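Colleague: This structure is in structure tokens; I'll ask about it shortly.
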Amino acid sequence: MLSQFQYNTNSKKSNQLPHNFENIYEPLIYHDNADKKKRAYIHFFSKNKIFAYFDKKTNDVKQASACNSSLSKLKETLSSLNNVVDVYATVNQFTFTRKLENLLYTTMFYSDLDIYHTEFKDISKEEFIEKVLKYCFEEKIPEPNLIIYSGNGFYLKWLFSAKCNRYEFTLDKYKIAQKAINELFSFLGADSKALDASRVLRLPGSINSKTGKRCEVIYYNDERKSAQDLFESFSRYYTPEPAKPIKSRTKKVVADEPEIPGKQPVLLVKRDSSKAPVKTLSGLALAKARYDDLKKLIELRNDNVKNSRMTFLFWLLNFKALSGATNCVDFETDAMAIAESLSLKKHEWSFDELQTLEKKIIKHNNGYKKIVKQNDDYFKLSNLYTPKNQTLIDIFQITDEEQKKLKTIISTSEKNSRRAQKRLERGMKPQTGESKSEPWIALGISRRTYYNRKKSGLI
């Protein structure tokens, strides 16, 4: 009896919408304007072409079925969509287009309930709210912060206390929580296809063309929890998908091949030590070494790099991303830190100069690889810049003396010099062969003529 009283008290207390609330501004509850980097966008979609845009090619104003809005202009965009038919909006925040690879922040978990497919299809809004809250209380799961009537079905939304980037809260965790919520509310018609983070839901304040009814918020509770706390609450109900059975491979019966007469056994010959594989640095280690070399180069020049500071900033960020020491989320923070170390003032540079690099880092973090064909073989290479040593030497005009203090950004002559030094340190004699001394040059004849005369005993 006491638990039932507690449930009734909590439900009545929490069912409070903000004063003078307008349905069209529902996204402002969870899409705050805290986006200093100005990269987050909310994407809108309509079945009809209702979004005006300016076509630069034809200099005409045209209509489109999709558009996006920055957080700073979100309220203005929403105002123009009130009472419009069939408008949908993303529940999470993206950059560029509405793809998972461009997901920037997750703001909530949600469930799309097609209740008209269940036995509760004639339930009233008040009865539905009570049923959901009572079910959450009985199952000991968090109550949704928003319950929305879509004009035909219902949406449940669990808002995060703070939005999360894909590194703070991974997409794998997001999928697990969404699947668990779908299982919990399957009896109310939870749509198993509406689970991913890039989903769009009908915008409150718009009209559902199927029924002619308005999409509206019918319940609001501002007691939010963190994404991790919500995940822990829902993941207990997650049922992993059964592993796919591994098909056993049938062994092919092959007839014994007749012995070929005169076939000699293969002799294993010890490999020549001079043909041993060269030990090279891995991609991550090489990128880290080149980053360190550029920092060392700045030190060798006594921090006097005023005329090439943006070049240093660009390449330091590139190699830092290649080595895995930064990502698209921390890009601007790291750029500011490196710029400060280079004594670059804010008015002397702009993030627009690093826009191309930032896009490459986003693709790099998402596992994008470019395919390169070489000698009939295909290779997967990083989307980031991987220049040759000589390219970096030319860009930064690195002298021979400076190269002696660097680890990897060295010329071919410096590399050969170091190899020769290592041979001497191992007690090997210096190479004094004719291929090194090139005596034919001193005689003023060709290499071929020199060896022909030597063979004939004339030299």
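The values are calculated or read from the model by the stated rules, or taken from the named source; none is laboratory data. Computed from a prediction, not measured in an experiment: that's the story for all the values here. Glycine gets a Cβ as well: all are built from the backbone with ideal geometry, and neighbour counts include every protein chain shown.
Colleague: If you check every pair at least six apart or on different chains, which have Cβ atoms under 9 Å apart with a residue in segment 23-35 that is charged (D, E, K, R) first and a residue that is part of a helix (DSSP H, G or I) second?
Modeller: The qualifying pairs are GLU26/LEU78; ASP32/LEU71; ASP35/LEU71; ASP35/SER72.
Colleague: Show me the helices (runs of 4 or more DSSP H) found entirely inside segment 386-443 where at least 3 residues are at pLDDT below 90.
Modeller: Those helices (runs of 4 or more DSSP H) span 412-425, 434-437, 439-443.
Every residue, every condition in (1) in contact with a strand residue (DSSP E or B) (Cβ under 9 Å, 6 or more places away or on another chain); (2) of a type outside the set (D, E, K, R); (3) modelled with pLDDT under 90; (4) buried (at least 19 other Cβ atoms within 10 Å of the Cβ), yes or no:
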| site | (1), (2), (3), (4) |
| --- | --- |
| ASN10 | no, yes, yes, no |
| GLU22 | no, no, no, no |
| ASP32 | yes, no, yes, no |
| TYR41 | yes, yes, no, yes |
| ALA89 | yes, yes, no, yes |
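Colleague: For segment 326-347, how many residues meet the condition of being assigned to a helix (DSSP H, G or I) and of a type in the set (D, E, K, R)?
Modeller: Summing the residues that are assigned to a helix (DSSP H, G or I) and of a type in the set (D, E, K, R) in segment 326-347 gives 4.
Colleague: Let me ask something else about it. Residues of segment 148-194 being within 17 Å of SER233 (Cβ to Cβ) and in contact with a Pro (Cβ under 7 Å, 6 or more places away or on another chain), which ones?
Modeller: Listed by number, the residues that qualify are LEU156, LYS157, TRP158.
Colleague: Among PHE154, PHE160, which is the only one that is farther than 15 Å from LEU188 by Cα, surrounded by 21 or more Cβ atoms within 10 Å (Cβ to Cβ) and at pLDDT 95 or above? Give the derivation first.
Modeller: Details: PHE154 fails: farther than 15 Å from LEU188 by Cα.
Selected residue: PHE160, the only one of PHE154, PHE160 that is farther than 15 Å from LEU188 by Cα, surrounded by 21 or more Cβ atoms within 10 Å (Cβ to Cβ) and at pLDDT 95 or above.
Colleague: Moving on to the next point. What strands (runs of 3 or more DSSP E), lying completely within segment 43-108, carry at least 1 residues that are within 20 Å of LEU146 (Cα to Cα) and among the small types (Gly, Ala, Ser)?
Modeller: On the way: elements: 51-55, 60-64, 66-70, 87-90.
Because the criterion is at least 1 residues that are within 20 Å of LEU146 (Cα to Cα) and among the small types (Gly, Ala, Ser), the strands (runs of 3 or more DSSP E) in segment 43-108 that meet it are 87-90.
Colleague: Assuming GLU340 fulfils every condition listed in (1) touching a residue at least 12 places away in the same chain (Cβ under 8 Å); (2) farther than 21 Å from LEU103 by Cβ apart from one, which condition is it?
Modeller: (1)
Colleague: Also: Pull up segment 100-129, narrow it to residues that are among the polar types (S, T, N, Q) and surrounded by 14 or more Cβ atoms within 10 Å (Cβ to Cβ), then point me to the one that is nearest to the chain's Cα centre (by Cα).
Modeller: ASN102
Colleague: Inspect all residues belonging to segment 358-381 and state whether any of them is at pLDDT 80 or above, over 30 Å from LEU100 (Cα atoms) and part of a helix (DSSP H, G or I).
Modeller: Checked against the condition, which is being at pLDDT 80 or above, over 30 Å from LEU100 (Cα atoms) and part of a helix (DSSP H, G or I), segment 358-381 yields no hits at all.
Listed here are the residues, each with its yes/no results for (1) more than 30 Å from ASP334 (Cβ to Cβ); (2) of a type in the set (Gly, Ala, Ser).
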{"site": "LYS62", "(1), (2)": "yes, no"}
{"site": "SER72", "(1), (2)": "no, yes"}
{"site": "LEU104", "(1), (2)": "no, no"}
{"site": "PHE109", "(1), (2)": "yes, no"}
{"site": "LYS121", "(1), (2)": "yes, no"}
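Colleague: Related question: Mind checking which residues of segment 403-430 are farther than 14 Å from ALA289 by Cβ and of a type in the set (Ser, Thr, Tyr)?
Modeller: Of everything in segment 403-430, those that are farther than 14 Å from ALA289 by Cβ and of a type in the set (Ser, Thr, Tyr) turn out to be SER411, THR412, SER413, SER417.
Colleague: Can you tell me which condition ASP400 does not meet? The list is (1) within 30 Å of LEU313 (Cα to Cα); (2) surrounded by 13 or more Cβ atoms within 10 Å (Cβ to Cβ), and all the others hold.
Modeller: (2)
Colleague: OK, next. Can you tell me which residue among LEU354, LEU286, LEU322 is surrounded by 12 or more Cβ atoms within 10 Å (Cβ to Cβ), in contact with a strand residue (DSSP E or B) (Cβ under 8 Å, 6 or more places away or on another chain) and among the aliphatic types (A, V, I, L, M)? Spell out the reasoning first.
Modeller: Values: LEU354 fails: in contact with a strand residue (DSSP E or B) (Cβ under 8 Å, 6 or more places away or on another chain); LEU286 fails: in contact with a strand residue (DSSP E or B) (Cβ under 8 Å, 6 or more places away or on another chain).
One residue alone meets the criteria, LEU322.
Colleague: Out of VAL132, VAL217, which single residue is outside any strand (DSSP E or B), aliphatic (A, V, I, L, M) and crowded, with 20+ Cβ neighbours inside 10 Å?
Modeller: On the way: VAL217 fails: outside any strand (DSSP E or B).
After ruling out the rest, the residue left standing is VAL132.
Colleague: Quickly run through segment 277-327 and pick out the residues that are without any contact (Cβ under 8 Å) to a residue 24 or more places away in the chain, farther than 16 Å from LEU344 by Cα and of a type in the set (S, T, N, Q).
Modeller: THR280, SER282
Colleague: Identify all residues within segment 65-84 that are more than 25 Å from the chain's Cα centre (by Cα) and surrounded by 14 or more Cβ atoms within 10 Å (Cβ to Cβ); write none if there are none.
Modeller: Within segment 65-84, LYS75, THR77, LEU78, LEU81, ASN82, VAL84 meet the criteria.
Colleague: Does segment 85-101 contain any residue that is among the small types (Gly, Ala, Ser) and closer than 13 Å to PHE44 by Cβ?
Modeller: Yes, the conditions are met somewhere in segment 85-101.
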